[in-house]
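J.: Can you read through this structure? Questions will come right after.
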Ligand code: MSP
């Protein structure tokens, strides 16, 4: 049964002055697995990604190339879109912050903030980190030794008149909000960081800029453009039409708010965990249910960086597709990635070993053994199981339960482990019952039929749970096991007895062995 509450999941929107790389691929894949899992459960899912196109960095990159910022944004947004297709990602919309629907609504939200007194005109004196487009007070700048904590470049002295968001007014409400929603930020280590910083006290934040023009004009004072981060955060609600209640967009999509998950990288947590909820409080809109801040991929033990040239970029990723296939890439992202509090190391050898030990030896080999024996002993027809599954129906139900609980918690490792453990149990069952020996004794034909029918059915059920991770290969597996209606809800699809006796089954080989990576 679809639950009454629709499921909305978002990625950060990506800067268009960058080329797609593993970081973008990772966050988007995590969201994609969750979105597919929720659809499999029959939920009403909306999965959003897109591009963040304003700001001084885009303006400068465009100038350096001798093109307009819009032309640069168009080109790179098209590239991000293309890449999502290559990755087979199932997002329901792709929002660009230069679209009129977004710009109009951001202006409407900012106007509301201004009218309600949450935004005011003030003067700032302090320090500016140009690369990050972030301002620091004297105290903070001193702490940083007047250098950018990100690029290490010197901070610039800045005096500016700007519009400010009255963040300080939300200190108490935010503290209460966090106390009442202990799981708001995941993993918990990240929530503790936010709470620590919150205790230092909140200061109002400038939300406009006057030193460049590539941004959304501030409503009523066009010398100012809206700060790119404020502009960007609103994408999560402009895509749903929340800034234009009554519009066609809102009629169709307003039901998806609040988001169940904003999935982000840990470096952009403060904006999402503190500024965003405060903005929503000021607008009297509901807060998202959860912010999941994952950690970083590093490469061969070192931080990935453009200057080091060790970024796992798109051509590198495409090399993995060519060698191991798209599903293998998804599997590595989802099961070996930095979803929790520690960074994950991307290594070619580790990728290869994971592929071989999990996909070739388990997900590939187990169905292959089972379908081969059914081919050999039962002419490729699903045998009749007089034992009606024996202990397997309960074992499968338990795996499906574990899978569902893991998906609720965005615990992709546990969700992948549920069907993997099931397949390993099938392998162990085959080793223990030795159907190849049973087959030699005609008197034990019934026993043989039960063993192999139970294996095939358990494999089918594991395959359902693997679908969000391995959409291509599980489609092949489904076809080999006689098809079945992929549109049925999860509970039906994981119920015992999906393959009728007599169904024609084909031998399947899902993951070919691949030669080891070169050191
Ligand atoms: N435009 C902002 C986000 C605005 S959201 C309202 C932004 N964009 S970004 O293009 O820099 O993308 C950042 C995201 O890419 C991170 O949050 C993270 O999801 C992902 N990653 C970038 N590098 C990464 C790794 N090395 N490892 C994993 N993910 C990282 O920030």
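No lab work stands behind these numbers, since they all come straight from the coordinates. Values in this document were obtained by computation on a predicted structure and should not be read as measured data. Heads up, the Cβs are rebuilt from the backbone with ideal geometry, glycines too, and the neighbour counts pull from every protein chain shown.
J.: Restricting attention to region 364-387, does a residue exist that is under 24 Å from the mean Cα position of the chain (by Cα) and surrounded by 17 or more Cβ atoms within 10 Å (Cβ to Cβ)?
T.: no
J.: Got a number for residues in region 241-255 being touching a residue at least 24 places away in the same chain (Cβ under 8 Å) and either part of a loop (DSSP other than H, G, I, E, B) or closer than 19 Å to residue 131 by Cα (or both)?
T.: Matching residues across region 241-255 total 4.
J.: If you don't mind, another one. Collect the residues in region 146-182 that are farther than 23 Å from residue 283 by Cα and loosely packed, with under 11 Cβ neighbours inside 10 Å, keeping them in residue-number order.
T.: Across region 146-182, the qualifying residues are 152, 159.
J.: Yes or no: residue 252 away from the ligand (no atom under 14 Å from the Cβ) and in contact with a helix residue (DSSP H, G or I) (Cβ under 7 Å, 6 or more places away or on another chain)?
T.: So residue 252 fails the test.
J.: Does region 2-29 hold any residues that are within 9 Å of the ligand (Cβ to nearest atom) and not in a loop (DSSP other than H, G, I, E, B), and which are they?
T.: Result: 10, 14, 15, 21, 22, 23, 24, 25, 26, 27, 28.
J.: Right, another one. (1) under 21 Å from the mean Cα position of the chain (by Cα); (2) on the phi > 0 side of the Ramachandran plot: which one isn't true of residue 434, the others all being true?
T.: The failed condition is (1).
J.: Starting from region 271-287, take each residue that is within 17 Å of residue 256 (Cβ to Cβ) and list its partners that are within 16 Å of the ligand (Cβ to nearest atom) and assigned to a loop (DSSP other than H, G, I, E, B), counting only C-beta distances under 7 angstrom and pairs at least six apart or across chains.
T.: 280/287; 285/242; 286/257; 286/258; 287/258
J.: Inside region 182-213, can you point out the residues that are part of a loop (DSSP other than H, G, I, E, B) and under 27 Å from the mean Cα position of the chain (by Cα)?
T.: Selection gives 182, 183, 184, 187.
J.: Another question about this same structure. Residue 264 is checked against (1) more than 8 Å from the ligand (Cβ to nearest atom); (2) closer than 24 Å to residue 43 by Cα; (3) not in a loop (DSSP other than H, G, I, E, B) and fails just one. What number does that condition carry?
T.: Residue 264 satisfies all of (1) more than 8 Å from the ligand (Cβ to nearest atom); (2) closer than 24 Å to residue 43 by Cα; (3) not in a loop (DSSP other than H, G, I, E, B) except (1).
J.: Please go through region 56-103 and give me each residue that is free of Cβ contacts under 8 Å to residues at least 40 places away in the same chain, assigned to a loop (DSSP other than H, G, I, E, B) and under 19 Å from residue 12 (Cβ atoms), ordered by number.
T.: Within region 56-103, just 99 meets the criteria.
J.: So, one more: In region 349-362, is there at least one residue being crowded, with 18+ Cβ neighbours inside 10 Å, touching a helix residue (DSSP H, G or I) at 6+ places or on another chain (Cβ under 7 Å) and within 21 Å of residue 479 (Cα to Cα)?
T.: Within region 349-362, one or more residues are crowded, with 18+ Cβ neighbours inside 10 Å, touching a helix residue (DSSP H, G or I) at 6+ places or on another chain (Cβ under 7 Å) and within 21 Å of residue 479 (Cα to Cα).
J.: So, residue 336, is that one surrounded by 17 or more Cβ atoms within 10 Å (Cβ to Cβ) and without any contact (Cβ under 8 Å) to a residue 60 or more places away in the chain or not?
T.: yes
J.: Another one. Can you go through 278, 232, 299, 273 and tell me which one is in contact with a helix residue (DSSP H, G or I) (Cβ under 9 Å, 6 or more places away or on another chain), within 27 Å of residue 212 (Cα to Cα) and more than 8 Å from the ligand (Cβ to nearest atom)?
T.: Just a single option satisfies the conditions, and that option is 278.
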